[in-house]
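One structure below.
Read-outs: derived from the displayed coordinates by stated rules, not from any lab. The structure displayed is predicted, hence computed values, not measured ones. Cβ coordinates were reconstructed from backbone atoms using ideal geometry, including for glycine residues, and neighbour counts include every protein chain displayed.
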Amino acid sequence: MAGFSSFREFYPFYLGEHRHPVCRRLHFAGSLCVLAIIAMVIVSGRLAWLWLAPVAGYGFAWIGHFVFEKNRPATFKHPFYSLAGDWVMFFDVLRGKVRL
């Protein structure tokens, strides 16, 4: 994995690491779970449930990488760009720019 000087430079690499449709679907499902957990915490006021957000988000994503893509998640070398990539890809899926 090369160094990246900007997120704009990183994102095409990120998408290339998510070629398998099941991996993309798992990322999308994990992001939806994160949003649902945050909504549940806001509605219930139970902050203790926040620990589930990273477990759900990374759990789904890492299964996609290790089982379907057969690669290492970019999170290990580029944690901030990778997190941003997760959400940009999520919204790109919603806008129809990335297919599931």
Query raised in the report: For the chain, list the DSSP H helices whose alpha carbon atoms reach 15 Å or more along the long axis and whose average Kyte-Doolittle value is -0.5 or above?
Result: 21-44, 52-63, 79-94
Query - Percentage of interatomic Cα-Cα distances in the chain larger than 15 Å - result: 61
Report summary line: One finds, for E9 and L50 with R0 = 25 angstrom and r their Cβ-Cβ distance, a FRET efficiency to the nearest 0.05 of 0.20
Query raised in the report: Can you tell which of V55, V41, V88 shows the greatest fluctuation in a Gaussian network model of the chain with Cα springs below 10 Å?
Result: V41
Query - Neighbourhood net charge (12 Å Cβ-Cβ; Lys/Arg +1, Asp/Glu -1) for S31 - result: 0
Requested in this report: Jot down the per residue volume, in cubic angstrom and as a whole number, of the convex hull over the alpha-carbon atoms of segment 42-82.
Outcome: 85
Requested in this report: Give me E9, E69 ranked fewest to most by other Cβ atoms within 10 Å of their Cβ, as a rough exposure proxy.
Outcome: E9, E69
